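S.K.: For reference, the structure I am asking about is given below.
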Amino acid sequence: MSEQRTAAKPKAAREWTFDGTVRIVIEGVKPQVDGGRFPVKRVIGQRLDVEADMFTDGHDAVRCRAHYRHERETQWHVIEMAPLGNDRFRAGFHVTELGRYTYTVDGWVDHLLSWRRELARRVDASDIASALLQGAVLIDETAARASDADAQALSDWAARLRVDGSVQERKRLALDEALYETAARYPDLARSARFEHELEVVVDPPVAGCSAWYEFFPRSFAGEPGKHGSFADCEATLDYAAAMGFDVVYLPPMHPVGKIKRKGPNNTLEPGPDGVGSPWAIGSAEGGHKAIHPQLGTLEDFRTLVKQAKRRGLQLALDIAFQSAPDHPYVKTHPKWFRHRPDGSVQYAENPPKKYQDIYPFDFESTQWRELWEELESVFLFWIGEGVTIFRVDNPHTKPFPFWEWAIDQIKRRHPEVIFLAEAFTRPRIMHRLAKLGFSQSYTYFTWRNNKQELTEYFTELMQEDEREYFRPNCWPNTPDILPEYLQFGGRPAFLVRLVLAATLSANYGIYGPAFELLEHQPREPGSEEYLDSEKYQLREWDLDRADSLRDFITRINRIRHDNPALQSDWSLHFHPIANEQMLCYSKADADDSNLILVVVNLDPYNPQSGWVDLDLAALGLDEKAPYQVHELLSDARYLWRGARNFVQLEPNSVPAHIFRLRRRVRTERDFDYFL
């Protein structure tokens, strides 16, 4: 049987969707988060370094640039990227305005630079003469792109390369740096390649990058036993927080507290006739999230409090908790915003075995989710209108990610000065997603990281390049919800240790006071992290002048933070070996390495500990042969150290930590030494 063949149909002509003469490859552009899906973060005045791999086939020279502009600008700022080696380039710029900047990179094969590099290696006279003529053509092409004055200078340069004369003299002329710098301003970009994404950086106020927070309950500061405090009673507390050197005073929810299912002392179901309930059970017939608890004062009283805080150099942060008490007005006016049981009752919040009968969570899967989103956004906008620009958001991980991305973006585009702190102690990926979505700062696991290995591994993770671009840690040794075991049993030394660690490992930290400085350490029951007689459920009386208060020590720590730029950022954190598992040693430096801080902490609150510190002198920029001064900032003592290995001993019952400022030895023109 003969084989029959069918003639193949001719293929359609290929449509070329790219320019095959563009030879540049752009890879590894940083910083970017999830391929540019989310912006990176900076604060005003910080530098953003943009890096990229740029290369081409063969041996041609590559040049590249970074482009950036603020969201209000239409024109790009362009800066040349400098080579770092191995085909990597970098350029940086400082962000000087709040809001968003966009940035990207481009690159091209630079034939003129390639020609100069090859010419410099040529030695044969005939090769040089031929190359000079090739270069003259390239320079003429560059002159055609140049401005009038530069065009004439470049044309003259090309003409001089063509004239008869010494080959070596013309080679020297061809390699003239000043003339090349003129030509370099007019590159041939016809075959340049641009990175496919325009990336973003969100710029926050400086307090987002460095802040010390002090949390207190205004209702506990009436000055009379059993009396509910008011905003007017808080003026002395503002003085107290400002005197200790805090930047932010943070108030729990200040709205009317629900009366239905109100909680009593120690989270009981029996509040009694004078029970004040939990501030997080928000809303009653007196109002909801845009109202103020009547016993705290009026809206005008709150405005006065905001002004008083500002006069003392403090910013006031509010707690935003998106949940409702059973008698919140929302429950009646918007019943579909809540989840109902089969019997028609509203489902209260639970985290088994914990039950929160006094709290109704919102149902974000409601058919009225759009109206719910808009109302919750309006809560932020209301308090922004009253002068609040910092919000600590309660349990954001129990609300949908799309809501936070939408709400924070909406608010930040209108109010770029606003800062959001995510109170989310949950799984790492969820905490990091919230940071990517726009939260300016994030609570951390620091509260439960106590030993040397845990602290070293965790803070190394936080300061890794990819995570640090979007996740700003805010470290708290205690909160109204968390009394860690370390503080329950470690006594005064434990409080000192955790304060030093929080305030020096992280540029952002906070304490819940006065419980912290007054060494509150009794749990509600063994194994619990709840405080006995927690202030969340009852009024407390605090003696701020108690003799054993840590007030003076906290003041000293905050003063050290304010005086040393090294402690006002996170990325320079570097751990140094010390031959004792109960001791931790680390350093920080400011942007130009002029301020060097070394911290050594005894993590054992019960026993003296000692060890030999092995400093990474190269990381610190210290000469291994020259002496250097260590100025102990807590005691004001000074020591002269030499080399990497030095001995340290710390007694927990005095001060279980050293905070050293390292001062390099320099020699002046007058031939005497002093320490920087």
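The values are calculated or read from the model by the stated rules, or taken from the named source; none is laboratory data. Keep in mind it's a predicted model, so treat the numbers as computed, not measured. Note: ideal-geometry Cβ built from the backbone for every residue, glycine included; neighbour counts use all protein chains shown. Only protein heavy atoms, including side chains, enter the accessible area calculation; ligands, DNA and RNA are left aside. Shrake-Rupley method; radii C 1.70, N 1.55, O 1.52, S 1.80 Å.
S.K.: Return yes when PHE459 is touching a strand residue (DSSP E or B) at 6+ places or on another chain (Cβ under 9 Å), in a loop (DSSP other than H, G, I, E, B) and crowded, with 19+ Cβ neighbours inside 10 Å and no when it is not.
M.R.: no
S.K.: Which is in a helix (DSSP H, G or I), of a type outside the set (Ser, Thr, Tyr), in contact (Cβ under 8 Å) with a residue 12 or more places away in the chain and over 30 Å from ASP409 (Cβ atoms), of ALA151, ALA158?
M.R.: That would be ALA158, the only listed residue that is in a helix (DSSP H, G or I), of a type outside the set (Ser, Thr, Tyr), in contact (Cβ under 8 Å) with a residue 12 or more places away in the chain and over 30 Å from ASP409 (Cβ atoms).
Listed here are the residues, each with its yes/no results for (1) in contact with a Lys or Arg (Cβ under 6 Å, 6 or more places away or on another chain); (2) within 30 Å of LEU615 (Cβ to Cβ); (3) assigned to a loop (DSSP other than H, G, I, E, B).
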site: GLU517; (1), (2), (3): yes, no, yes
site: GLY527; (1), (2), (3): no, no, yes
site: ASP533; (1), (2), (3): no, no, yes
site: ARG540; (1), (2), (3): no, no, yes
site: ARG559; (1), (2), (3): no, yes, no
site: HIS562; (1), (2), (3): no, yes, no
site: ALA566; (1), (2), (3): yes, yes, no
site: ASP570; (1), (2), (3): no, yes, yes
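S.K.: Report yes if some residue within region 314-328 is part of a helix (DSSP H, G or I), surrounded by 19 or more Cβ atoms within 10 Å (Cβ to Cβ) and in contact with a strand residue (DSSP E or B) (Cβ under 9 Å, 6 or more places away or on another chain); otherwise report no.
M.R.: No: region 314-328 contains no residue that is part of a helix (DSSP H, G or I), surrounded by 19 or more Cβ atoms within 10 Å (Cβ to Cβ) and in contact with a strand residue (DSSP E or B) (Cβ under 9 Å, 6 or more places away or on another chain).
S.K.: May I pose another question? Looking only at region 602-623, decide whether some residue is of a type outside the set (Ser, Thr, Tyr), touching a helix residue (DSSP H, G or I) at 6+ places or on another chain (Cβ under 8 Å), outside any loop (DSSP other than H, G, I, E, B) and farther than 12 Å from ARG661 by Cα. Break it down into steps so the answer makes sense when it comes.
M.R.: In the first step, residues of region 602-623 are kept if they are of a type outside the set (Ser, Thr, Tyr); the result is 602-605, 607-609, 611-623.
Those still in the list that are touching a helix residue (DSSP H, G or I) at 6+ places or on another chain (Cβ under 8 Å) too: 602-603, 605, 623.
If we keep only those that are outside any loop (DSSP other than H, G, I, E, B) too, we end up with 602.
Adding the requirement that they be farther than 12 Å from ARG661 by Cα leaves 602.
Yes, that holds for at least one residue.
S.K.: Could you check, for region 634-643, whether at least one of its residues is on the phi > 0 side of the Ramachandran plot, assigned to a loop (DSSP other than H, G, I, E, B) and more than 28 Å from the chain's Cα centre (by Cα)? Steps first, answer last, please.
M.R.: Of all residues in region 634-643, those on the phi > 0 side of the Ramachandran plot come to 636, 643.
Cutting the leftovers down to assigned to a loop (DSSP other than H, G, I, E, B) gives us 636, 643.
Add one more test, that the residue is more than 28 Å from the chain's Cα centre (by Cα), and what stays is 636, 643.
Yes, region 634-643 contains a residue that is on the phi > 0 side of the Ramachandran plot, assigned to a loop (DSSP other than H, G, I, E, B) and more than 28 Å from the chain's Cα centre (by Cα).
S.K.: Same structure, new question: Out of (1) within 28 Å of GLN441 (Cα to Cα); (2) open to solvent by less than 50 Å² (accessible area, probe 1.4 Å); (3) in a helix (DSSP H, G or I), the odd one out for GLU374 is which?
M.R.: Evaluating GLU374 over (1) within 28 Å of GLN441 (Cα to Cα); (2) open to solvent by less than 50 Å² (accessible area, probe 1.4 Å); (3) in a helix (DSSP H, G or I) leaves (2) as the failure.
S.K.: Restricting attention to region 80-94, report how many residues are part of a strand (DSSP E or B), more than 25 Å from the chain's Cα centre (by Cα) and either of a type in the set (S, T, N, Q) or surrounded by fewer than 14 Cβ atoms within 10 Å (Cβ to Cβ) (or both). Outline the logic, then answer.
M.R.: Within region 80-94, the subset part of a strand (DSSP E or B) is 80, 82-85, 88-94.
Filter once more, keeping what is more than 25 Å from the chain's Cα centre (by Cα): 80, 82-85, 88.
Checking the rest, the ones that are also either of a type in the set (S, T, N, Q) or surrounded by fewer than 14 Cβ atoms within 10 Å (Cβ to Cβ) (or both) come to 80, 82, 84-85.
Summing the residues that are part of a strand (DSSP E or B), more than 25 Å from the chain's Cα centre (by Cα) and either of a type in the set (S, T, N, Q) or surrounded by fewer than 14 Cβ atoms within 10 Å (Cβ to Cβ) (or both) in region 80-94 gives 4.
S.K.: Still on this structure: What do you reckon, is ARG65 free of Cβ contacts under 8 Å to residues at least 60 places away in the same chain, of a type in the set (Lys, Arg) and surrounded by 17 or more Cβ atoms within 10 Å (Cβ to Cβ)?
M.R.: Working: free of Cβ contacts under 8 Å to residues at least 60 places away in the same chain: yes; of a type in the set (Lys, Arg): yes; surrounded by 17 or more Cβ atoms within 10 Å (Cβ to Cβ): yes.
In short, yes.
S.K.: Please work out which one of (1) closer than 21 Å to ASP319 by Cα; (2) in contact (Cβ under 8 Å) with a residue 24 or more places away in the chain is the condition TYR445 fails and give its number.
M.R.: TYR445 satisfies all of (1) closer than 21 Å to ASP319 by Cα; (2) in contact (Cβ under 8 Å) with a residue 24 or more places away in the chain except (2).
S.K.: Something else: I'm checking my understanding of the structure. Among residues of region 112-164 that are loosely packed, with under 14 Cβ neighbours inside 10 Å, within 51 Å of the chain's Cα centre (by Cα) and of a type in the set (A, V, I, L, M), which one is modelled with the lowest pLDDT?
M.R.: ALA149
S.K.: Could you pull out the residue among THR74, THR104 that is farther than 18 Å from LEU175 by Cβ, of a type in the set (Val, Ile, Thr), within 28 Å of the chain's Cα centre (by Cα) and open to solvent by 40 Å² or more (accessible area, probe 1.4 Å)?
M.R.: THR74
S.K.: Pull out all pairs, ordered by first then second residue, where Cβ-Cβ is under 8 Å, the residues are six or more apart or on different chains, the first lies in region 176-193 and is surrounded by fewer than 18 Cβ atoms within 10 Å (Cβ to Cβ), and the second is of a type in the set (Val, Ile, Thr).
M.R.: Qualifying pairs under 8 Å: ASP188/THR142; ARG191/THR21; ARG191/VAL22; ARG191/ILE24; ARG191/VAL109; SER192/VAL22; SER192/ILE24.
S.K.: Consider only pairs whose beta carbons are under 8 Å apart and that are at least six residues apart or on different chains; among these, list those whose first residue lies in region 474-494 and is over 25 Å from PRO252 (Cα atoms) and whose second residue is of a type in the set (A, V, I, L, M) and part of a helix (DSSP H, G or I).
M.R.: These pairs meet every condition: GLY490/VAL497; ALA494/LEU487.
S.K.: If I ask for residues that are open to solvent by 10 Å² or more (accessible area, probe 1.4 Å) and of a type in the set (S, T, N, Q), which ones from region 573-626 would you list?
M.R.: Within region 573-626, ASN580, GLN582, SER594, ASN607, GLN609, SER610 qualify.
S.K.: Among the residues that make up region 337-345, is at least one of them more than 25 Å from ILE44 (Cβ to Cβ), in contact with an Asp or Glu (Cβ under 6 Å, 6 or more places away or on another chain) and among the basic types (Lys, Arg)?
M.R.: Yes: one or more hits.
S.K.: Might you let me know whether region 464-473 holds any residue that is among the polar types (S, T, N, Q) and in contact (Cβ under 8 Å) with a residue 12 or more places away in the chain? Break it down into steps so the answer makes sense when it comes.
M.R.: From region 464-473, those among the polar types (S, T, N, Q) are 464; that's our starting set.
Subset that is in contact (Cβ under 8 Å) with a residue 12 or more places away in the chain: none.
Within region 464-473, not a single residue is among the polar types (S, T, N, Q) and in contact (Cβ under 8 Å) with a residue 12 or more places away in the chain.
S.K.: Give the residues of region 261-305 that are among the acidic types (Asp, Glu) and free of Cβ contacts under 8 Å to residues at least 24 places away in the same chain, sorted by residue number.
M.R.: Scanning region 261-305 gives GLU270, GLU300.
S.K.: Something else now. Residue by residue through region 377-388, note down the ones that are crowded, with 18+ Cβ neighbours inside 10 Å and not in a helix (DSSP H, G or I).
M.R.: VAL388 - this is the single residue of region 377-388 that is crowded, with 18+ Cβ neighbours inside 10 Å and not in a helix (DSSP H, G or I).
S.K.: Considering only region 35-59, how many residues are of a type outside the set (A, V, I, L, M, F, W, C), open to solvent by 50 Å² or more (accessible area, probe 1.4 Å) and more than 17 Å from the chain's Cα centre (by Cα)?
M.R.: So the count comes out to 4.
S.K.: Now a separate question. Condition test on PRO396, is it of a type outside the set (A, V, I, L, M, F, W, C) and either over 34 Å from the mean Cα position of the chain (by Cα) or buried (at least 17 other Cβ atoms within 10 Å of the Cβ) (or both)?
M.R.: Spelling it out, PRO396 is indeed of a type outside the set (A, V, I, L, M, F, W, C) and either over 34 Å from the mean Cα position of the chain (by Cα) or buried (at least 17 other Cβ atoms within 10 Å of the Cβ) (or both).
S.K.: Could you grab me the full set of residues in region 223-273 that are open to solvent by 60 Å² or more (accessible area, probe 1.4 Å) and under 37 Å from the mean Cα position of the chain (by Cα)? Before you say what the answer is, go through the steps one by one.
M.R.: Initially, region 223-273 is screened for residues open to solvent by 60 Å² or more (accessible area, probe 1.4 Å), giving 223-227, 232, 235-236, 239, 243, 259-261, 269-270, 273.
Answer for region 223-273, where residues must be open to solvent by 60 Å² or more (accessible area, probe 1.4 Å) and under 37 Å from the mean Cα position of the chain (by Cα): ALA232, GLU235, ALA236, ASP239, ALA243.
S.K.: Are any of the residues in region 112-120 within 20 Å of GLU198 (Cα to Cα), among the hydroxyl-bearing types (Ser, Thr, Tyr) and in contact (Cβ under 8 Å) with a residue 40 or more places away in the chain?
M.R.: no
S.K.: Suppose we filter ASP60, ASP49, ASP53 for residues that are acidic (Asp, Glu) and not in a strand (DSSP E or B); which single one remains? Break it down into steps so the answer makes sense when it comes.
M.R.: Values: ASP49 fails: not in a strand (DSSP E or B); ASP53 fails: not in a strand (DSSP E or B).
The conditions single out ASP60.
S.K.: Looking at region 539-554 only, could you name the residues that are touching a helix residue (DSSP H, G or I) at 6+ places or on another chain (Cβ under 8 Å) and exposed (fewer than 15 other Cβ atoms within 10 Å of the Cβ)?
M.R.: Scanning region 539-554 gives GLU541, LEU544, ASP548.
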